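The values are calculated or read from the model by the stated rules, or taken from the named source; none is laboratory data. Here the structure is a predicted model, which means the values were calculated and not measured. Heads up, the Cβs are rebuilt from the backbone with ideal geometry, glycines too, and the neighbour counts pull from every protein chain shown. Surface areas here come from the heavy atoms of the whole protein model, side chains and all, with no ligands, DNA or RNA. Shrake-Rupley method; radii C 1.70, N 1.55, O 1.52, S 1.80 Å.
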Amino acid sequence: MSLLSVSPVDGRYEGKTKCLQGYFSEMALMKYRIYTEINYLIKLLDTPMLKERVTKPVDPAKLREIINITEDDAAIVKAIETKGWNGIPATNHDVKAIEYFIKSKITEMGREDILEYVHFALTSEDINNISYGLMIRDAVNDVVLPQILDIYGKLYGLSVEHKDLSMLARTHGQPATPTTFGKEVLVFVNRMKEELVQLGNIDICLKLNGATGGFNAHNFVFPEYDWINFSHELINSFNDSITPLDNQYMHVKPLKVRFNPITAQIEPHDSYLRVFDGVKRINNILIDFAMDVWRYISDGWIKQRTVAGEIGSSAMPHKVNPIDFENAEGNFGFANSMFEFFVRKLCVSRLQRDLTDSTVERNIGVAFAHSMIGYASLQKGLSKIEVNAEKITEALTDTPEVMAEAYQNLLRMSGVDKPYERLKEITRGKKVTIADFHGLAEKLDVSDEVKNRLLACTPNSYVGLSAKLVEQFEPKIN
């Protein structure tokens, strides 16, 4: 861990975010750009026009070796951009530096005859939009979604484990109709499931159509060729290695890419924003969950296991603070603030394009990094908690006024005059007991069957179909 990092993403929290370095670091961006350029070149060399011109066979495998750059290679690319290298003047242009690096490697292969087909008829944004789209797709599929699915599975397991544990509910912070702990956790599970379905149905749109989106240079040089189909086939081929995402509970469709033929110089990024919004909504659900757990810990309904040597407060030795849930909440909030900015900014570009999106896109990985810190903190917090069934039961037993709803609705159906008002009179703003309810029941002119049902009702039994809702929930997404 670097103690000199300006951002905690690469400093304090590097252990939780280094899994994203292969997707969002500057070297990763170089690699994705080279990947895009090389795959474009290989497909270009396979067109009838270039087959006529390049008579010596080209080995695609040898070209693909250029993609696997080392840190030394990345340093060369950076040198070409910033100060020049090996006779190449400084470009002050990162994509042109990639082009010159590739040409230097092809020259080393002795294939100067194909040099000028590198980056043929392309604008930088053809390379950039594909590279960023693939970076987002791969990072979400390989790193982000597995973390979310793991949390999903843990919450579902917690829900099933405690489906029968009766619990006091609160609406407006006040005692309300009882529920079960398992059903309340299931609310978050179900919300996550809905968002995961939506996320799996998003395709990231990519463009490869030249300087202003009309294939002008491509068509001018080779007007007889179907360049629209060329780009469609190339971009579709980037999905060949994508596999489904599975865990114990879910089968989730991975993100894929697809060709968008109708663009200006830039692909409008709207599909990126759908991904960001999807992750943001999942993060918001987890913020909501973390806040509820925080309250349950505060009430003693959830206990935290202590860790040897860990200190909760520098002043109060007794404290075991819910720091993991607080850390998760803070990092999800920070990530979402960035996602929200991306959604406002990246869909806007003056006329056919401006460059304001470029510096913003370089920060996409930071938003995902703070999300990953949040997932890791939530996972750590979940590993240390234990549901305090005794305390939960005690809190519900001590709040018999929640039976008022049950009483008044059964009395309505039994023909009792003004049951709501009768229950309001004995409960609202008062400390009531089970005996108060039983006293009311005994005085009522109702059938024995109704009276017995009233007398048998307890706060712990008045949970409706909460357990059944957990039992009937289908956690898998197919």
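If the condition is being modelled with pLDDT of 90 or more and not in a loop (DSSP other than H, G, I, E, B), then the stretch 417-435 contributes I434, A435.
Under the condition of being under 18 Å from the mean Cα position of the chain (by Cα), open to solvent by 60 Å² or more (accessible area, probe 1.4 Å) and within 30 Å of Y296 (Cβ to Cβ), the residues counted in the stretch 321-352 number 3. Pairs meeting the criteria (first residue in the stretch 334-353 and of a type in the set (D, E), second residue open to solvent by 30 Å² or more (accessible area, probe 1.4 Å), beta carbons under 8 Å, at least 6 apart or on different chains) are E340/K280.
Every residue, every condition in (1) modelled with pLDDT under 95; (2) out of contact with any His (no Cβ under 7 Å at 6 or more places or on another chain); (3) of a type in the set (K, R); (4) open to solvent by less than 50 Å² (accessible area, probe 1.4 Å), yes or no:
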site: D354; (1), (2), (3), (4): yes, yes, no, yes
site: H370; (1), (2), (3), (4): no, yes, no, yes
site: E390; (1), (2), (3), (4): no, yes, no, no
site: A395; (1), (2), (3), (4): no, yes, no, yes
site: Q408; (1), (2), (3), (4): yes, yes, no, yes
site: R412; (1), (2), (3), (4): yes, yes, yes, no
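The number of residues in the stretch 439-451 being assigned to a helix (DSSP H, G or I) and open to solvent by 100 Å² or more (accessible area, probe 1.4 Å) comes to 4. Exactly one residue out of I373, I392 is touching a residue at least 12 places away in the same chain (Cβ under 8 Å) and either in contact with a strand residue (DSSP E or B) (Cβ under 9 Å, 6 or more places away or on another chain) or within 30 Å of D164 (Cβ to Cβ) (or both): that is I392.
Filtering the stretch 378-395 to residues that are assigned to a helix (DSSP H, G or I), of a type outside the set (K, R) and more than 19 Å from A328 (Cβ to Cβ) leaves A389, E390, I392, T393, E394, A395. Give the stretch 115-153 a look and list any residue that's within 22 Å of V252 (Cα to Cα) and in contact with a strand residue (DSSP E or B) (Cβ under 8 Å, 6 or more places away or on another chain), or say none. Result: G133, L134, I136, R137, N141, L145, P146, L149. Output the residue which, of all residues in the stretch 74-114 that are open to solvent by less than 30 Å² (accessible area, probe 1.4 Å), out of contact with any strand residue (DSSP E or B) (no Cβ under 9 Å at 6 or more places or on another chain) and of a type in the set (A, V, I, L, M, F, W, C), is farthest from K43 (Cα to Cα). Here the answer is A74. Selection of the stretch 232-261 for residues being open to solvent by less than 50 Å² (accessible area, probe 1.4 Å) and free of Cβ contacts under 8 Å to residues at least 24 places away in the same chain yields only N239. With respect to the conditions (1) buried (at least 20 other Cβ atoms within 10 Å of the Cβ); (2) touching a residue at least 24 places away in the same chain (Cβ under 8 Å); (3) of a type outside the set (S, T, N, Q), I67 falls short on a single one, namely (1).
Considering the stretch 299-326, the residues that are over 20 Å from L155 (Cβ atoms) and polar (S, T, N, Q) include one that is modelled with the lowest pLDDT, namely S314. Taking the stated definitions as given, is A211 out of contact with any helix residue (DSSP H, G or I) (no Cβ under 6 Å at 6 or more places or on another chain) and open to solvent by 40 Å² or more (accessible area, probe 1.4 Å)? When the stated conditions are applied, A211 passes them.
For the stretch 262-288, taking the residues that are in a helix (DSSP H, G or I) and among the acidic types (D, E), the one that is surrounded by the most Cβ atoms within 10 Å (Cβ to Cβ) is identified as D277.
Among the conditions (1) in a helix (DSSP H, G or I); (2) within 28 Å of F222 (Cβ to Cβ), the only one that A121 does not satisfy is (1). Residues in the stretch 339-359 that are part of a helix (DSSP H, G or I) and either polar (S, T, N, Q) or farther than 12 Å from N128 by Cβ (or both): F339, E340, F341, F342, V343, R344, K345, T356, S358, T359. Filtering the stretch 21-46 to residues that are among the acidic types (D, E) and either in contact with a helix residue (DSSP H, G or I) (Cβ under 8 Å, 6 or more places away or on another chain) or not in a loop (DSSP other than H, G, I, E, B) (or both) leaves E26, E37. Take the conditions (1) in contact with an Asp or Glu (Cβ under 9 Å, 6 or more places away or on another chain); (2) in a helix (DSSP H, G or I); (3) open to solvent by 40 Å² or more (accessible area, probe 1.4 Å); K16 misses just one of them, which is (1).
Yes/no matrix, rows are residues, columns are (1) open to solvent by less than 60 Å² (accessible area, probe 1.4 Å); (2) free of Cβ contacts under 8 Å to residues at least 40 places away in the same chain; (3) among the small types (G, A, S):
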position: R428; (1), (2), (3): no, yes, no
position: F437; (1), (2), (3): yes, yes, no
position: L454; (1), (2), (3): yes, no, no
position: Y462; (1), (2), (3): yes, no, no
position: L465; (1), (2), (3): no, yes, no
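Of all residues in the stretch 25-45, those being open to solvent by less than 20 Å² (accessible area, probe 1.4 Å) and without any contact (Cβ under 8 Å) to a residue 40 or more places away in the chain number 0.
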